[in-house]
Each structure stands twice: as C-alpha cells, then as structure tokens.
Amino acid sequence: MNVLIDPKYININPQMKSVTFFVILNYSHREMMNMMIDWIALLLQNFGFSMLILALFFILLSKIINPRLALSETVFRWIVVFPLGFTAIYAFIFHAFCPQLSAQAIGWQPSPFQFEVAMANLGFGVIAILAFKASLGFRLATVIGNTLWLWGDAVGHIYQMVINNNYAIGNAGSWFWMDVFIPLILILSIIQLRKPAIR
C-alpha cells in the first residue's frame, strides 16, 4: 500500500496547538482486489457470524418499521432465517460440493460422510427458513431439532479442542460460538412467543 501525504492537506491550528493530517491513501488496483478478497474470505470463513450481524440489522429495521410487533417474534424470525437457515444451506453447499475445503476448515480429513452431513444441513436449513412464518408447533420442533444438532456439534468441537488440540477456524472459531448461542437465542425467543402474537 502506498501512503501519500500532501502538504496542502496539513492544517496547523496554533490555538489548539494541534496538527491535523489528512492522509490520502493511494491503493493500487491489485491492492484493492487483494483487500476485497481478504474481506470476502473473512466473511465466508465466519459465515454464521456474518449472518448474525445481518439478522441484527433486520431486527432493528423491523422494529423501526413495525414497532408493535413483539420483540421475541422479530428476533425469532430473523435469527431463524439468517444465522440458522442460511448458514445451514451454506454448510450444505460446502460439505456437498467442496468437501476438501470444508474438512480442512474444521481440521479434519475429507470423508464420504460429509455428504450425509451436507444433506442433514440442507434439511435443517430449509425447515429453519420455513419457520420464519409458521405455527408455534412447527417453530418449536424447528428449535428442538436444531438445538440438539448444534449443541451436539458444540460438544464435538469441545472434544476436538481438548483431546486433539484442534483449534482450526471451523472447529474453535466463530462457528463454535454460533453453535452455542444461536439455539439459546431461539429458545429464549420461543419461550416468550404466544399464539396470539402479531403475525
């Protein structure tokens, strides 16, 4: 990266005894492309967390647009769609079509069982997206199934960390924490949900 400081952008304030520098950053095309690639890679490596941030944005937007909608309803809708549903679909794609990359991210060797894991992710992901606007019973089943799945994953991640010293990003990074906290958020939300809630 080339950093240029143009003297005309230096402002000296004698009263405040401070100097303010306006730094002009001159990035080459290659540096800009590398930066974009790094950011995209970071978002994909932490896809579940990226989806959580997106969900928080939509939760805030929804409360602004429709403040009468219960917070538990709003939280459930967007958490179940983005960090649960879309993340599961993303995991399906990578386990099914990029098994080498997905296994490497978790710190494992590629295995034929990844295709079965991929199909499980697809099923849970589709159910989660359908739960966006569904009956309380359907939502409850979605939360129970995904909680057992993700908390089971979290136990497996802990085992791999403790026994095999596996701290790969897909085992001990944001993926682990999403496995722990997303089901917890959904459990707390569905406890507050009532059938008469605004749909």
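Things to note:
- Vicinal HN-Hα couplings computed from phi for the stretch 135-146 (Karplus, 6.51 cos²θ - 1.76 cosθ + 1.60; Hz; Gly/Pro x): 5, 4, x, 4, 5, 4, 4, 4, 5, 4, x, 5
- Each Cα pair under 8 Å and six or more residues apart adds its separation to the average, and for the stretch 48-192 the resulting relative contact order is 29 percent.
- Segment residue 116-residue 151, extension gain: residue separation times 0.36 nm, minus the distance between their alpha carbons: 10.8 nm
- The phi torsions of the stretch 169-181, fed into the Karplus equation with coefficients 6.51, -1.76 and 1.60 and a -60° offset, translate into couplings of 4, x, 10, 10, x, 4, 4, 4, 5, 5, 4, 7, 8 Hz, rounded to whole numbers, with Gly and Pro shown as x.
- Alpha-carbon centroid distance for the pair the stretch 135-199 / the stretch 98-123, whole angstrom: 19 Å
- For peptides 110-123, 174-187, sequence by mean Cβ density within 10 Å, most packed first: 174-187, 110-123
- Contour excess over end-to-end distance, with Cα ends at residue 169 and residue 136 and 0.36 nm allotted per residue: 8.4 nm
- With a Förster radius of 30 Å applied to the C-beta separation of residue 53 and residue 144, the computed FRET efficiency comes to 0.70.
- Each residue of the stretch 61-67 is assigned a 3J(HN,Hα), and the resulting list reads 4, 5, 5, 6, 6, 9, x Hz, derived from the Karplus form 6.51 cos²θ - 1.76 cosθ + 1.60 (θ = phi - 60°), x at Gly and Pro.
- Check: the stretch 48-192 dipole with +1 on Lys, Arg Cβ and -1 on Asp, Glu Cβ, in debye: 480 debye
- Using R0 = 45 Å, the C-beta based FRET efficiency linking residue 126 and residue 32 works out to 0.75.
- Order of 139, 68 under a 10 Å beta carbon neighbour criterion, fewest first: 68, 139
We did not get these values from a lab; they are worked out from the coordinates using the rules stated. Every value quoted in this text rests on a predicted model; they were computed, and no experiment measured them. Glycine also receives a Cβ, built like all others from the backbone with ideal geometry; neighbour counts cover every protein chain displayed.
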